[in-house]
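Enquirer: One structure, as structure tokens, below. Some questions next.
The values are calculated or read from the model by the stated rules, or taken from the named source; none is laboratory data. These numbers were taken from a predicted model, which means no experiment stands behind them. Neighbour counts are summed over all protein chains in view; Cβ atoms, including those assigned to glycine, are modelled from backbone coordinates with ideal geometry. Ligands, DNA and RNA are stripped out before the accessible areas are found, and what is left, the full protein with its side chains, is counted by its heavy atoms. Shrake-Rupley method; radii C 1.70, N 1.55, O 1.52, S 1.80 Å.
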Amino acid sequence: AGCRKLYLEMANPLRSSVKTLVKVRSANGSVLNGEGKGQRENVGSKRQKHLDLSALVPGGERGVVEVLPNKKEGLLTQLVSYETDCTSGELVSAYSTKAQEPGEKEQRGSYTRYLGTDNLLEITNTKNYQIPLRIESYDATGRRLKRRSEHLSGNDTKTYNLSKSSVWKTTPDSYGHVKVTSGANGQFIARLLRGKSLTTTPEFTYSTPVR
């Protein structure tokens with residue numbers, strides 16, 4: 001979708017420095033930076049550091065960035081994606097994704113089909129082994145529309161288009177929520193991305209929480 005610049009932003013609010021290991025993973029879980037081992041960064045007290053990841057994750061690619069600080073409370077972290085016009089280089093749209101820890105075994109997030117909005121659900125397996133997944137779509141009244149079960153390989157990331165009515169039974173000009181369930185707590189991370197015209201130059205994109 002268009003051209004993109006991707007930055008990892010880290011801020012350290014502590015009075016001491018924080019050392020961290022940053023692993024940029026492709027959708028299949030392979031580590032793309034540091035010759036497959038990731039890269040080590042040091043963020044000083046009360047300081048910020050921004051890493052340009054654009055070359056590692058070109059437009060059209062999907063994956064996840066794993067940040068492993070030596071002090072759990074030490075870093076405020078987010079990914080910021082800037083969509084640009086490929087010809088002029090002008091900024092078209094941008095969105096940020098807050099860092100999150102693997103959540104509960106059941107997680108939910110909302111979708112909307114109004115105004116021609118696309119809804120992409122991204123699920124990342126944070127374990128190095130295969131896990132089971134169950135994905136269910138619901139309408140605004142809480143009625144279940146579709147249930148789908150499958151497995152997700154270790155460190156793998158998959159994307160599901162919730163706007164596909166033929167798959168998820170969601171209809172234009174409607175809204176509801178999606179539920180993702182796995183076997184145990186702390187196995188996966190789920191994200192929802194809304195946008196429009198994602199197959200050409202994007203008009204807008206932004207992330208919404210899943211918890």
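Enquirer: I'd like the full set of residues that are over 21 Å from residue 188 (Cβ atoms), open to solvent by less than 30 Å² (accessible area, probe 1.4 Å) and not in a strand (DSSP E or B), limited to segment 21-62.
Expert: Matches in segment 21-62: 33, 44, 53, 54.
Enquirer: From 159, 170, 201, 205, grab the single residue that is modelled with pLDDT under 95 and either over 18 Å from the mean Cα position of the chain (by Cα) or of a type in the set (D, E, K, R) (or both).
Expert: Exactly one of 159, 170, 201, 205 is modelled with pLDDT under 95 and either over 18 Å from the mean Cα position of the chain (by Cα) or of a type in the set (D, E, K, R) (or both), namely 201.
Enquirer: Consider segment 26-72. How many of its residues are within 15 Å of residue 9 (Cα to Cα) and in contact with a strand residue (DSSP E or B) (Cβ under 7 Å, 6 or more places away or on another chain)?
Expert: The total comes to 18.
Enquirer: Then there's this: Conditions first: (1) open to solvent by less than 60 Å² (accessible area, probe 1.4 Å); (2) over 18 Å from the mean Cα position of the chain (by Cα). Residue 86 passes all but one, so which condition is the exception?
Expert: Residue 86 satisfies all of (1) open to solvent by less than 60 Å² (accessible area, probe 1.4 Å); (2) over 18 Å from the mean Cα position of the chain (by Cα) except (1).
Enquirer: Pick from segment 97-123 the residues that are farther than 17 Å from residue 179 by Cβ and of a type in the set (Val, Ile, Thr): which of them is farthest from the chain's Cα centre (by Cα)?
Expert: 117
Enquirer: Determine which single condition residue 10 fails, assuming it passes every other condition in (1) more than 21 Å from residue 125 (Cα to Cα); (2) under 14 Å from the mean Cα position of the chain (by Cα).
Expert: (2)
Enquirer: Considering only segment 142-176, how many residues are in contact (Cβ under 8 Å) with a residue 24 or more places away in the chain, farther than 29 Å from residue 31 by Cβ, surrounded by fewer than 17 Cβ atoms within 10 Å (Cβ to Cβ) and small (Gly, Ala, Ser)?
Expert: Result for segment 142-176: 1.
Enquirer: Does residue 179 satisfy the criteria of being surrounded by fewer than 20 Cβ atoms within 10 Å (Cβ to Cβ), in contact with a Lys or Arg (Cβ under 6 Å, 6 or more places away or on another chain) and modelled with pLDDT of 95 or more?
Expert: Criteria met by residue 179.
Enquirer: Taking residue 81 and the conditions (1) more than 27 Å from residue 184 (Cα to Cα); (2) more than 16 Å from the chain's Cα centre (by Cα), which numbered condition does it fall short on, given that it satisfies the others?
Expert: (2)
Enquirer: Right, something else. Determine whether residue 125 is under 19 Å from residue 63 (Cα atoms) and buried (at least 18 other Cβ atoms within 10 Å of the Cβ).
Expert: Criteria met by residue 125.
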